[in-house]
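Take a look at the structure below.
Derivation of every value follows stated rules applied to the coordinates shown; laboratory data play no part. Bear in mind that the values here come from a model prediction, so they are computed numbers and not experimental data. Methodologically, a virtual Cβ is constructed for each residue, glycine included, from the backbone with ideal geometry; neighbour enumeration extends over all protein chains shown.
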Amino acid sequence: MSEPEQLPTPPTGPPDPDAGHPRMEEAYMWNAVAYLISGPVLFGGIGWALDQWLGTRFFIPAGIVGGMALSLYLVWFRYGTQQ
Amino acid sequence: MILHVLPSLATADGGGYQTPTTADFYQPLWNDGPFAVTRPGVVLMLSVGLIAWYLIATTRKAAIVPGKGQWLTEGIYGFIRNGVARDIIGTKDFLRFVPLLFSLFVLILVNNLFGVIPPVQYPTMSRIGIPIALTLVVYVVYHYIGIKRVGLFAYFKNLVPGGLPGWIFLPILFLEIITFFITRPLTLALRLFGNMFAGHLLLLVFITGGEYLLLHSAGPFMKLAGVGAFVMAFVLTIFELLIEFLQAWVFTLLAATYIAGSLADEH
């Protein structure tokens with residue numbers, strides 16, 4: 001007598017009551033905008049203050065670009081890597 | 001409110017077309033200055049009354065086989081409860097936040113839809129103060145539950161995700177603090193405000209412009225352009241309905257992610 005073939009559990013069915021938060025990661029993507037604004041504004045602002053203080057002109061662009069890079073890195077680190 | 005004539009409609013004495021401006025959104029109905037009763041204020045109160053009446057009326061005699069009203073209420077409630085609160089905050093903690101998220105969603109949705117529903121036709125959220133007030137509620141909630149759960153010091157420490165190289169900790173901490181305390185609430189309020197404000201201004205331009213071209217301009221081409229403007233106004237009104245729903249959903253979704261972040265071990 002042959003064993004009845006074991007069917008794989010169907011992906012659909014009643015939702016698991018302990019499923020956690022299945023859509024949290026996906027919804028977190030909306031937060032990326034806030035990070036991408038924070039970086040250039042914060043470090044651009046620091047650059048502006050340094051420029052005012054030291055009488056230079058290159059800290060603003062450096063701050064904006066550096067802040068953007070930091071923001072991108074953070075977004076990648078938070079949402080783009082498996083921790 | 002209903003019979004409010006748009007101040008931007010062209011005057012009959014041929015004064016030319018006046019484009020709608022931001023000033024058109026300030027519409028005091030009674031009194032002026034800081035204690036004025038304005039049109040958005042009245043619309044907001046109207047929406048609260050309507051929502052309360054509708055929710056009570058459709059759920060007071062809840063039946064196993066729901067009627068149309070109960071079906072709609074349960075559909076919206078289920079969408080927020082399961083689709084937003086449970087799926088994002090998680091099965092363990094979500095229930096106590098459902099009332100907040102549901103109230104936020106319904107309030108914003110009805111007020112947004114008022115932007116195109118005659119005879120109200122005023123999106124309350126196009127006055128920045130109202131999105132700011134709603135954002136403040138969310139802001140207090142997610143910081144409060146986060147600080148209450150782990151304490152003030154650990155709350156700040158947890159802002160930075162673990163596993164980063166050590167030298168980058170300080171700049172990332174600054175970045176996270178700015179994001180959590182300034183950029184997040186700012187974008188939350190501005191996104192809702194900007195979408196409603198810009199959408200309504202766009203409709204104003206096409207409708208008042210179409211009216212001017214059709215009735216106050218000379219020449220068949222101008223009148224044809226007026227018809228085109230009305231067609232655009234119709235298309236954009238449909239589009240605006242979509243945006244209004246979407247923005248109410250996004251606001252609720254983001255509020256849920258902020259709460260979920262405060263409840264998670266790492267943000």
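Just from its helices, what would the mean residue ellipticity at 222 nm be for the protein assembly as shown, if runs of 4 or more DSSP H residues each count -39500 (n - 2.57) and the sum is divided by every residue, rounded to the nearest 500 deg cm²/dmol? Working shown, then result.
Working: 11 runs with 208 residues, N = 350.
Helix contribution divided over all residues of the protein assembly as shown: -20500 deg cm²/dmol.
Between B:Y77 and B:I238, what FRET efficiency comes out of the Förster formula 1/(1 + (r/R0)^6) with R0 = 22 Å and r the beta carbon distance, rounded to 0.05?
Details: r = 26 Å, r/R0 = 1.18.
Efficiency computed from Cβ-Cβ geometry: 0.25.
Would you grab the residues whose amide H sits under 5 Å from the one on B:L29? Only those 5+ places off in sequence or on another chain, please, with H modelled 1.01 Å from N.
The list, which skips near neighbours in sequence, is B:V37, B:T38, B:R39.
Work from the charge dipole of the range B:2-263 (Cβ charges, +1 for Lys and Arg, -1 for Asp and Glu, about the Cα centre) and give the residue of B:V141, B:G228, B:P20 farthest towards its positive end.
Highest projection toward the positive end goes to B:V141.
Under 15 Å from the 7 Å Cα→Cβ point of B:Y54, by amide nitrogen: which residues of the range B:79-103?
B:79-80, B:102-103
Post the alpha-carbon centroid distance, the range B:170-238 to the range B:27-43, in whole angstrom.
23 Å
Whole-Hz ³J(HN,Hα) for each residue in the range B:19-25, computed from phi via Karplus 6.51 cos²θ - 1.76 cosθ + 1.60 with θ = phi - 60°, x for glycine and proline: what do you get?
Here the 3J(HN,Hα) series is 5, x, 10, 4, 5, 5, 7 Hz.
Compute the distance in nm between two label points, each set 7 Å from the Cα along the Cα-to-Cβ direction, one at B:L215 and one at B:V227.
Taking the two extended label points, one gets 1.9 nm.
How much net charge surrounds B:A85 when only the other residues with a Cβ under 14 Å from the Cβ of B:A85 are counted, with Lys and Arg +1 and Asp and Glu -1? Provide the component values of the computation, followed by the final result.
On the way: positive: A:R23, B:R81, B:R86, B:K92, B:R96; negative: B:D87, B:D93.
The answer is +3.
Report the net charge of residues surrounding B:T183, where surrounding means a beta-carbon distance below 14 angstrom and charges are Lys +1, Arg +1, Asp -1, Glu -1. Each step should come with its number before you reach the end.
Numbers: positive: B:R184, B:R191; negative: B:E176.
Net charge in that neighbourhood comes out at +1.
With loop defined by DSSP as not H, G, I, E or B, and exposure as at most 13 other Cβ atoms within 10 Å, which is the longest segment of chain B clear of exposed trypsin sites (Lys or Arg not before Pro)? Write down the numbers at each step before the final one.
Details: sites that count: B:R60, B:K61, B:K92.
That would be B:93-267.
Would you tell me the mean number of C-beta atoms belonging to other protein chains that fall within 10 Å of each C-beta in B:245-253, as a whole number?
Values: counts 0, 0, 0, 0, 0, 2, 0, 0, 4.
Per-residue shielding by partner chains comes out at 1.
Between B:F153 and B:A62, what's the calculated FRET efficiency when r is the beta-carbon distance and R0 is 56 Å? Round to 0.05. Provide the component values of the computation, followed by the final result.
Details: r = 47 Å, r/R0 = 0.84.
Efficiency, rounded to the nearest 0.05: 0.75.
Say R0 is 35 Å: what FRET efficiency, to the nearest 0.05, do B:F245 and A:Q52 get from their beta-carbon distance? Before the final figure, lay out each step's value.
Numbers: r = 46 Å, r/R0 = 1.30.
With a Förster radius of 35 Å, E is 0.15.
HN-Hα J couplings of the range B:167-184 from phi, Karplus 6.51/-1.76/1.60, θ = phi - 60°, integer Hz, Gly and Pro as x?
Karplus values, whole Hz, x for Gly and Pro: 5, 8, 4, 5, x, 5, 4, 4, 4, 5, 5, 4, 5, 5, 9, 10, 5, 4.
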